[in-house]
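The values are calculated or read from the model by the stated rules, or taken from the named source; none is laboratory data. For clarity, every value in this text was computed on a predicted model and none was experimentally measured. Please note: Cβ atoms are built from the backbone with ideal geometry, for glycine as well, and neighbour counts cover all protein chains shown.
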Amino acid sequence: MSAPPFVELRGLRKTFGSKRVLDGVDLRVETGSVFTILGGSGSGKSVTLKHIIGLLRPDAGEVWIEGTNATDFSESQWVEIRRRFGYVFQGAALFDSLSVYENVAYPLREHLEWPEAQIAERVAESLAAVGLPGVERMLPAELSGGMRKRVGVARAVALHPKAILYDEPTTGLDPANSRRIGQLILRLKRSLDVTSVVVTHDLELCFAISDRIALLQDGRMIVEGTPDVLRASTHPAVHEFMHGGTEAEPVEEEAAHGS
């Protein structure tokens, strides 16, 4: 019998006020894979991510994690589920008043009763994993956009999660740093054997990293498959999205520490 998918969403529906954001979303993310959800602004990508870790609860449908139906779990049960996940927020979401060290150490202090020496070792390990050794004493304001994103990833991997959720990881970055983030996602997949779910509008990132891709539109996954399946699709919505049907995102210039 084959192993269950790491994440499975079945018929997920979610409405905010009069707006139906998710209208029967079905999704299977196999363990150890990179699954990317494409979609335009307001398509429900981030809402889907938040359902995966119980930050939002569906109006209808089911959320399964590693073969367990977690849909009706209590908040304390979801806290345990969330420990399996790292979450990389769209804007990195670093605490501006805290050093890089304290930002990466934050989840360790929240969830583990480790001595400071062990925390320091894990912080250093996590920063090295994202290519930023030795920046512990810097403040977020001293970092470039690309570096802030990578510190956000370091914080997400500090607890050695089984899966990492990435919410628009390249928004605001120039093409070179967007490619670095893509390379980082693949490197972490190989080195930590993590499952990754990425939501993005970035086609170059999507096709560079994904084992499978789904296009979310009007609250439904209208096409899902390998990168080759998406490239060959004749679905009008896929063609529109891939050939200029989305809005441009702002580009942030990299500062001196952009490497």
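Could you please find all residues in the stretch 157-170 being within 13 Å of the chain's Cα centre (by Cα) and in a loop (DSSP other than H, G, I, E, B)? Of everything in the stretch 157-170, those that are within 13 Å of the chain's Cα centre (by Cα) and in a loop (DSSP other than H, G, I, E, B) turn out to be PRO161, LYS162, GLU168, PRO169, THR170.
Among the strands (runs of 3 or more DSSP E) confined to the stretch 1-46, the ones with at least 2 residues that are of a type in the set (D, E, K, R) and assigned by TED's automatic domain parsing to the domain that holds GLY182 are located at 7-16, 19-29.
Within the stretch 73-92, count every residue that is at positive phi and either polar (S, T, N, Q) or without any contact (Cβ under 8 Å) to a residue 12 or more places away in the chain (or both).
Selection size over the stretch 73-92: 0.
Taking ASN69, is it within 24 Å of THR170 (Cα to Cα), among the polar types (S, T, N, Q) and without any contact (Cβ under 8 Å) to a residue 60 or more places away in the chain?
No.
Listed by position, the strands (runs of 3 or more DSSP E) enclosed by the stretch 176-239 that each have at least 2 residues that are among the β-branched types (Val, Ile, Thr) are 195-200, 220-225.
The number of residues in the stretch 222-246 being under 21 Å from VAL29 (Cβ atoms), in contact with a Ser or Thr (Cβ under 9 Å, 6 or more places away or on another chain) and surrounded by fewer than 21 Cβ atoms within 10 Å (Cβ to Cβ) comes to 4.
For the stretch 22-44, the set of residues classified as surrounded by fewer than 22 Cβ atoms within 10 Å (Cβ to Cβ), in contact with a Gly (Cβ under 6 Å, 6 or more places away or on another chain) and not small (Gly, Ala, Ser) consists of ASP23 only.
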